[in-house]
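Please treat every number below as a calculation from the coordinates, not as lab data. Note that the structure is predicted; figures quoted are calculated from it, not measured. No Cβ is skipped: glycine too gets one built from the backbone with ideal geometry, and neighbour counts run over all protein chains shown.
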Amino acid sequence: MEFRFCPKCAAPLVLRTDGEAGADGDKARLACPDGHWTHWDNPLPVLAALVEVEGKILLARNAAWGPKNFALITGFMERGETPEQGVARELKEETGLHAEVTTLIGVYEFIRKNELIIAYHVKASGEIRLSPELVEVRLVSPEKLRPWRAGTGYAMADWMRARGLEPEFLDWGTQAPADE
């Protein structure tokens, strides 16, 4: 989102630096010239679920993606929920599955989208019912997973390594995971 005016006084925003010289606080930020408001542009927390259903990993294709692009279930946290509650909610909303056990995999940068990914391994149960956001899912054996070199792909690779599986990275969208 591009901000051009102060939300309090409607003055045009200016680039302003605050803080001590040489410190990280001297970064230029859009701000109200009268000091009412500063656009910090901090990374947004995003939740990711590496979903395990009966020993296989669920990968999903978003309606906006190409036919070979499959990834983890992701979504934004909402006010008043913990990351664990949020990842369980997103899983339920997008797939109809119920989160049984959630375990933190790690936290990953996704600088391109100014996001911070909080990734979980989620053991899930239930019947898969896709939301309109998703068009297809695949269930893949853990040893056949092929992570990609970006945020959630690194989470998948770390999860694999923790289970003694050496990840083989692929470029995003070059190969759809095989059905099993």
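Mind listing whichever residues of the range 50-74 are more than 24 Å from A162 (Cα to Cα) and touching a strand residue (DSSP E or B) at 6+ places or on another chain (Cβ under 7 Å)? Result: R61, N62, A63, N69. Within the range 52-63, residues that are closer than 11 Å to R138 by Cα have Cβ atoms under 8 Å from residues that are buried (at least 16 other Cβ atoms within 10 Å of the Cβ) and of a type in the set (S, T, Y) in these pairs: L58/T95; A60/T95, counting only partners at least 6 apart in sequence or on another chain. Only a single criterion out of (1) under 17 Å from E52 (Cβ atoms); (2) surrounded by fewer than 16 Cβ atoms within 10 Å (Cβ to Cβ) is not satisfied by Q85, namely (1). Applying the set (1) buried (at least 20 other Cβ atoms within 10 Å of the Cβ); (2) touching a strand residue (DSSP E or B) at 6+ places or on another chain (Cβ under 8 Å); (3) aliphatic (A, V, I, L, M); (4) outside any strand (DSSP E or B) to A124 leaves exactly one unmet item: (4).
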